[in-house]
Structure formats: structure tokens, C-alpha cells
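Asks: Following this message is one structure expressed as C-alpha cells.
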């Protein structure tokens, strides 16, 4: 378990014991059309454990992030969510920071994520961390809503690493 300021704890997702935690957070944070299936969450937790974390405040799970490294040098933030009553407290920032820094340690050169075009708070957070909109993904979500592909690369990636990561990228 990793201690953070303000009573926030981040712990690595355990695929054998955290499936219920992730599913409950998904149900509390996202609309049914936005939730991943149990099978996909299980696959993600088993295959992306090193970069996936659960945030705990006041003794309860309040958010999570699932990220993976795909291919050569590309990190992918697949899902990140924080309970509404715990937003704007730095939980999302810490989840992203920790996950991306772990991926940097294992050799990523850039990070991508997808976000609903209507999710202004998330877009604002991602931009604050250095992500930029790279593409519009038409009807990306199952309900037909468009998404943005956001990317953290080049100078913005190096700026993120210098600001948030105390580790250097491992040679590939």
C-alpha cells in the first residue's frame, strides 16, 4: 500500500480479491452504458495489474485506474474513475500520476486515453496533466457518443515525467 497526503492511499489492484471492488466502483461511477463487462474487467485486472490501482480514502475504495502497456512504448489509460463525492480532491491526479509513472519505469514513450466529448471535468484534468486532443472518434461509445483520443507525448510527456515521476525510464 502506498501512502499519500490527505489520507489518500493507493494500492495495486489484486485480480484475485479486487474484482468486486472494481465492479462496485464502475456501477457507482458510470452509467450502465459506460460500464465494462465483468469478463473484460477480469481480463484487464489480470493482464494490467502492474499499472492498475485502487484509491482508498476514509477507509473505503473511492476510485480506480486500469492502464496497460500496448505494443512497443505505448501506455494506455483504459479506465479511470472517482466517486463523485471524492472528486476535486486530487484522487484522479494521483491515480494517473502513479499509473503513468509505473508505465514510464517499464519503458513507455507516450500515453493515450479515450474520453467522452461531454466529459469536460475529465478533459480538463487530462489537459492539466499535459494530454492533448489528437483525434475525434466518431460514435466511439456504445450509446453513439463521440470520444476524443488524447495523447501525452513529446515535450508534454517529458514534462510530466520530470514533474511527477521520481524514476527514469528503463532502457528498452
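The numbers here are math on the coordinates, done by the rules we state, and not lab data. Everything numeric in this text was worked out from a predicted model, so none of it was measured. For neighbour counting, all protein chains shown are included, and Cβ atoms are generated from backbone atoms with ideal geometry for every residue, glycine included.
Asks: Hey, rough spin-label estimate for residue 93 and residue 141, points 7 angstrom out along Cα→Cβ, what's it come to in nanometres?
Replies: Output for this residue pair reads 2.5 nm.
Asks: Which FRET efficiency, nearest 0.05, do residue 134 and residue 16 yield, Cβ-Cβ r, R0 35 Å? Please list the in-between numbers first.
Replies: Numbers: r = 36 Å, r/R0 = 1.03.
According to the calculation, E is roughly 0.45.
Asks: Would you list 103, 57, 150, 19 from fewest to most Cβ contacts within 10 Å? Write out the running numbers ahead of the final one.
Replies: Working: 103 26, 57 19, 150 22, 19 16.
Neighbour counts put them in this order, fewest first: 19, 57, 150, 103.
Asks: A further question on this structure: Let me make sure I get this right: for the range 78-135, a, b and c are the square roots of the gyration tensor eigenvalues over alpha carbons, sorted descending. Under 1.5 in a/c it's rounded, otherwise prolate if a/b > b/c, else oblate. Which is it? Walk me through the numbers on the way to the answer.
Replies: Working: a/c = 2.15, a/b = 1.26, b/c = 1.72.
Oblate, since a/c reaches 1.5 and b/c is not below a/b.
Asks: With the cut-off at 1.5 for a/c, could you classify the chain from its C-alpha gyration tensor as rounded, prolate or oblate? Show your work: numbers first, answer last.
Replies: Details: a/c = 1.34, a/b = 1.07, b/c = 1.25.
Verdict is rounded for the chain.
Asks: While we're here: Return 13, 165 ranked ascending by Cβ neighbour count within 10 Å, so the fewest neighbours appear first.
Replies: Working: 13 23, 165 17.
Placing the least packed residue first, the sequence is 165, 13.
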